[in-house]
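Structure, as structure tokens:
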Amino acid sequence: MSLNHIRPWRNIHRRKSRQIHVGNVPVGGDAPITVQTMTNTLTHDVKATVEQIQACAEAGADIVRVSCPDEASTVAMKEIVKESPVPLVADIHFHYKRAIEAAEAGASCLRINPGNIGSPDRVAEVIKAAKDYGCSIRIGVNAGSLEKHLLDKYAEPCPEAMIESGLEHIRILEDNDFHEYKISVKASDVFLSAAAYQGLADATDAPIHLGITEAGGLTSGTIKSAIGLGNLLWMGIGDTLRVSLSADPVEEVKVGYEILKSLGLRHRGVNIISCPSCARQGFDVIKTVEILEKRLEHIKTPMSLSIIGCVVNGPGEALMTDVGFTGGGAGSGMVYMAGKQDHKLDNDKMVDHIVGLVETRAAEIDAQEVVDTAAE
């Protein structure tokens, strides 16, 4: 449920960027902010890589990046592309020939790092391959691999050096009449990344790929990414993002969506609003939410569910959700539908009953969308 139409202070005004495409997925302009991740399998293991891509796509990934460190990987890319349900980005470092091979293999985008891809002549060859095979390009500036002349000039990685690196590479692409590019300026430091992205957003109208690189493990990396990416998104900066975690890539997708959902920028699946629980709880809130998160993973329809342990905040939260349950007393609680009290329910029947209500409501929403689309 969205309150933007009645509460304008909730709106985020996105930076105006031009639109490119990664395969059939638009990036930039008025397109939804896309969620990306990256495989961590050995790319030449086609079966394992395809399975991971499919799992990420099922979790909601719009685009998946695949590392191509050697020729065996680019050979495998041809088969991986055929099996992938989403466009693939070939991640290229050092070997410009890998970029050319990946383009030939059907990659939808080439990610190149201006600090290590080689001379402008080699970059020009990559650009030609991108043109020939319909690839877009991501310029991937990283604080840890800036060009030597910029480190000599600025003495250390800093926002100015990262922005200058990106703009230098933009000039190379545009001098070769190539405009299907997006750009990122990543660092593991939140402050450095945020400052670089803010400066970059003022310096170009190119679509911006957000990320805090090497953010850490699942918990620490999620927090660091939520702070860094969340603030940039709140300012309207960002057209696509990847949350970099030392974890299963599916977790990166989930965290990416949660960041976007918290800001009202993307809506996918069930948004569970739940209390941290206390001595007032009428049922085991933590265990119940854990079970519901697993049981409702298959729901892709955007909707909201409140699970609150007692009547202090429960009724108020339920006013703003599609389905709600508020703990009461004597082993039962109250079910809310569309913000209104609907019926009492025994706690021991709660999980199965709520899953059924959510599934039914999701089906109703989907059916209504089909009707609305047909009417248009």
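The values are calculated or read from the model by the stated rules, or taken from the named source; none is laboratory data. Keep in mind that what you see is a predicted model, and the values were worked out from it rather than measured. Here the Cβ is made from the backbone with ideal geometry for all residues, glycine too, and neighbour counts use every protein chain on show. Ligands, DNA and RNA are excluded from the accessible area calculation, which covers all protein heavy atoms including side chains. Shrake-Rupley method; radii C 1.70, N 1.55, O 1.52, S 1.80 Å.
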Legend entry - Cα gyration tensor shape for the stretch 1-139, rounded if a/c is under 1.5, else prolate or oblate: oblate
Inset, instruction - Give me the angle, in degrees from 0 to 90, between the Cα long axis of helix 46-59 and the longest principal axis of the Cα atoms of the chain, rounded to the nearest 10. - result: 50
Legend entry - Residue order for Ile12, Ile117 - accessible surface, 1.4 angstrom probe, largest first: Ile12, Ile117
Legend entry - Cut-off under 5 Å, modelled amide H: who pairs with Thr240 long-range: Thr34, Ile208, Leu210
Legend entry - Taking all pairs of distinct alpha-carbon atoms in the stretch 228-311, Kirkwood radius in angstrom: 14.5
Legend entry - Intensity falloff of the stretch 246-376 expressed as log10 I(q)/I(0), Debye formula with alpha-carbon point scatterers, at q = 0.11, 0.19, 0.22 Å⁻¹: -0.41, -1.09, -1.34
Inset, instruction - Measure nothing but the geometry: give the 0 to 90° angle between the long axis through the Cα atoms of 159-175 and the longest principal axis through the Cα atoms of the chain, rounded to 10°. - result: 60
Legend entry - Burial order of peptide ranges 321-329, 50-58, 272-280, 259-267 (average beta-carbon count within 10 Å, highest first): 321-329, 50-58, 259-267, 272-280
Inset, instruction - Could you pull the accessible area for Asp284 with a 1.4 Å probe, rounded to 10 Å²? - result: 80
Inset, instruction - Give the distance, in whole Å, between the Cα centre of the stretch 57-95 and the Cα centre of the stretch 213-269. - result: 21
Legend entry - the chain: translational diffusion in µm²/s, Stokes-Einstein, Kirkwood Rh over Cα pairs, 37 °C, 0.692 mPa s: 147
Inset, instruction - Over the chain, average the accessible area per residue using a 1.4 Å probe and give it in Å², no decimals. - result: 46
Inset, instruction - Express in Å², to the nearest 10, the accessible area of Val370 obtained by rolling a 1.4 Å probe over the protein heavy atoms while all chains stay in place. - result: 100
Legend entry - Helix-only CD estimate at 222 nm, as mean residue ellipticity for the chain, using -39500 (n - 2.57) per DSSP H run (n ≥ 4): -14000 deg cm²/dmol
Inset, instruction - Using only Cα atoms, find the angle between the long axis of helix 71-83 and the longest principal axis of the chain, and express it within 0 to 90 degrees, rounded to the nearest 10. - result: 40
Legend entry - Proximal lysines relative to Lys16, as straight alpha-carbon distance under 24 Å, when same-chain residues fewer than 8 apart are discounted: Lys182, Lys186, Lys261
Legend entry - Of all accessible heavy-atom area on the chain, the percent that carbon and sulfur account for (1.4 Å): 53
